[in-house]
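Written out below as C-alpha cells is the structure these notes cover.
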Amino acid sequence: MRRLAFLMVLGLALVGLGGCKTTQALLGKSEPQHAYQEFQEQPLIGQAQEVRIKPLEPNFYTDFLDDVRYTEGGQQVGLNVRAWAQSRAAEQRALALGAVTPLELTKRTARNKNFVPLEGPGARAITDYVQTVINRLLAQWPHQPLDPPVTAIIIDNPSYMAAMNRFNVLQISIGLLVNVETEDELAAVIAHELTHSLLNHHDAIARQLYRSKQTAVGATFLASLLAGDGNNKNAALAVLMLERMQRHHAEEVGFFEWQREHEIQADLMALDLTKRAGYDWGKVAVYLERLQSQEEAAEAAQAKKGEAGESEPSLGTAIKGMINGLDTGLATLINGGEAPEEPAPLPYKTTEGKHEHPSAEERLFNLAGYERTHYRKDVFMDKPSVDRLHKVVWRGAGFEVIKRSVFLNEAEEALEANDHDLAAEKALAVLEGANDPDPRARIILFHARKGQGNIATALKNLEIARAGSGATKRVFTLLLGEYIRLQRWDEAFDVLKHGQNKVAMHPEHEYFALAISLTVKAGDQRRATSLLQACARKGVAYQTYCQSAYMRAMEVTSTASAANY
C-alpha cells in the first residue's frame, strides 16, 4: 500500500508539476528553443486550426466537476463550465437574433469605465477606413471566417492602443491613429489583434480556471483515499501540498507564460497576414520597437524605486524555485540519473514575473527567425502603397474629430500640470462658436477659468454646457456644487430638479433631503412643505430622514438671519 501511495503521489507530481523538462524526458522530445521554431514545416496561418484554442464544451466529466464545490479561503476555485457555456450561448443567441450588437455587449463588459467610442461623420469616415484594412487582412485567412464579423470602433483615448475582444470588436485609439506613420504600421497592429480572435485566445483564461479545478478536485479525491488508510496520512498531506504548489505555479507563473506565448503567436500571424496582403511586414516590428522603448522607461522607473534596497524574495518566488527544483529532479530521475542538457543561453532577455507580454527584444528575434524560415524567397510581393491613412486622418473627413480629441487630451494634460492658460487655449480651439455646448470642452474651460481666478466666466461655461442636449452628469454635478457654494439656492434647486436623473443622488431620500434643504434656504416654504409631504408618502424611514434635513436647514437659515442683525 505504501508503494502504491508513493506511485500515486509521484504520478500527481509528474502530471501537475512536471512542466516542460519532465514532459520532454517522458516523451523523449526536446522543446524548440525559440517560439518561431514550433512552426518550421509551414507558416502558422497554415496550421492555425490545430493551434487554435478549442472552446470549452460541457460533457459528463465537466458536469461532474461543476457539481463539486471546491473553495479555498472562502473563494470558489476554478470554473463552472456549465454556467460559463450557458452565458456564452445566451450571448450568441442574442447576437444571432439581433437583440444586441457586438458593440453593445462591449460597452456592457468594458473594464475601462471611460470607454468612449467616437461618434459623428468624422468618426464614421475613420471607422470605414479601418474596416477596409481589416477586410484586406482577413481576405488572406484560409479557414472559417469569424462569427460575428469584426466590427471596428474608434476610441477617444490618447494611448497607443488597440484591443480585440471576444465579440470580435476591434478598438482602435485616437492615440494609435495619430502616431502610426503609415498604413503598413496600422495594418501590422490590426493583424496582431485579429489573431487573438482567429486563434481564440480569449478562451485561455477559462481553460486555465477549468484546469485549476480539475487538478484541485483530483488531488483532494486522491488525498481522501490515502487518508482512509492510517499509514498513508503523510502521503495524503503530500498530495495536497503538491496540488497547492502546482496551482500556485499555474496562477503565478504558468498563466502568464501562456499569455506571452499567445502574444508571440499573434506577432507571427500578423507577419503572415500582412505579408500575404501586400503590406510591408517590417512594420510589424515598428510597434514592437515602440513598446520596447516604453518597457525600458518603465524598467528604469522601477529600478529607481528599488534603489532603497533589495527586498526579501516573495513567497511566490520561493515556491517557484521549489517547483523548478523538483521539476529538474524528476527529469533527472527519469533520464536514468543523468541531468537533462541545459539549453544554450538565449540571445535576448526573457521576461520574468507577471508580464502578459514578452520583451520586445524577444518578439523581434522570433519575427526575424520566422521571416527567414518562411518568406525568404519573397513569394508575396508588397503592393504599391497608397497613403490612405494620412488622407483620412489628417486631410479628410476624420481630421476634425481627430483634432478635437488631440486638443482636448492636451488640454486635460495641461490642467493636470496647472497650466490653465494652455488648457483654455486648447479647449477653445475645438469649440465652434461662443455658444457651442460641447460638455468636455466646457468642463475643461470651467476648471481653467476657475484656476485663473475668473469665477463668473468659469460658471458661464457650465451654464452653456447645461443648455446643450448632450449635457453630462458631470456638468450637472459641477454646476450644482458651484451654485451651492455661491449660495444661489434657487438656481441650485433648478439644476437639481431638471438634472435629477443625471446628478448622483442614491438612494432617493438623499434627493429629497437636498431639495428640501435648498428650498428652505431659498425661503420657499410652500415648495419645501410640498417636498416634505411627497417624501413622507415614501414611508416612515423617508419621512424621518427628510424631516431631519428640514430641521437642519431651518436652523442654518435662522442662524444666518440672526447674524445679519
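What the table below lists for this structure:
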quantity	calculated
Magnitude of the charge dipole, segment 411-485, Cβ model with Lys/Arg +1 and Asp/Glu -1, debye to 20	400 debye
Whole-angstrom gap from segment 54-110 to segment 414-474, using each part's C-alpha centre	44 Å
Solvent-accessible area, 1.4 Å probe, carbon plus sulfur percent, for segment 472-559	52 percent
Segment 472-559 - accessible surface per residue (Å², probe 1.4 Å)	56 Å²
Cα shape, segment 472-559, gyration tensor, a/c 1.5 rule	oblate
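The values are calculated or read from the model by the stated rules, or taken from the named source; none is laboratory data. Model, not experiment: these values are computed from the prediction. Positions of Cβ are generated from backbone atoms using ideal geometry, with glycine treated the same way; all protein chains shown enter the neighbour counts. When the accessible area is computed, the model is the full protein with side chains, heavy atoms only, and any ligands, DNA or RNA have been set aside. Shrake-Rupley method; radii C 1.70, N 1.55, O 1.52, S 1.80 Å.
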